[in-house]
């Protein structure tokens, strides 16, 4: 059922992409076209809200399977699930019911089986980073490409255990393993920040992004990793609609809070690309974003060079 929830989540992501396309089209459209585009946007947002409710529903059902108090209630719950006739759910439910009805001696399981350690997807990635020549070359772009491929695997960015496992490897003693762990964590959080329907989870991902430290700075505080900067720019440049939980019910909302966090962190990073991104925000449709961008440019009118005024005594990164 988690797979079903992830599949429904993908539908939400596709609608988000359609909304992004419509948002880009509206600036060049005439009045009649703008009216039609806004009607399409509203219809897609209504559909998104329904999808968000479906995601929550299937995740709740997945939890309830494991919370049944006994065999009888579990069997009843599984039979109820069959009535939905869901392609991703029905085969697994039928198999579970069959196993429950089969005497233990006929299930074909050995009395004692050796415990096999099954490596997780993250474990396999980290093992490759330790052993494969292609991932141990000096060019970090190879490890970044691998991180992007991994983060875009279906359902991976929704897998909390995988995210925790790869984040833990950011402290690995092997610098190349550490680097691919950092890159992959950034890409997984990027996906969550830009694509998750649940804007509370998306905002949490933005906050986690800003806390990934630069590994060359001691102590590991204040200065974020440079690979985060283009991700923050993506976040601040992409207004989108999702939902938040209010009173137990999903409510449509936008990602302005996450965009503001990204904007403020770009000011702290103080690079030329951050300055260019903030200059573009002077024309944003969110007046709060516009005001914050204008204020940042007024406070720091010169050319940004990567050194924030309060960080003059920060140790050299070697870059």
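Some notes on this structure:
- Scanning the stretch 124-149 for residues that are closer than 14 Å to residue 172 by Cα and within 23 Å of the chain's Cα centre (by Cα) returns 125, 126, 129.
- Residue within the stretch 44-53 that is more than 23 Å from residue 200 (Cβ to Cβ), assigned to a helix (DSSP H, G or I) and modelled with pLDDT under 85 present: no
- Filter result for residue 41 (touching a helix residue (DSSP H, G or I) at 6+ places or on another chain (Cβ under 6 Å) and either more than 27 Å from residue 242 (Cβ to Cβ) or assigned to a loop (DSSP other than H, G, I, E, B) (or both)): no
The values are calculated or read from the model by the stated rules, or taken from the named source; none is laboratory data. What you are looking at is a predicted structure, and each value in this text was computed from that prediction instead of being measured. Here Cβ is always computed from backbone atoms with ideal geometry, including for glycine, and neighbour counts include all displayed protein chains.
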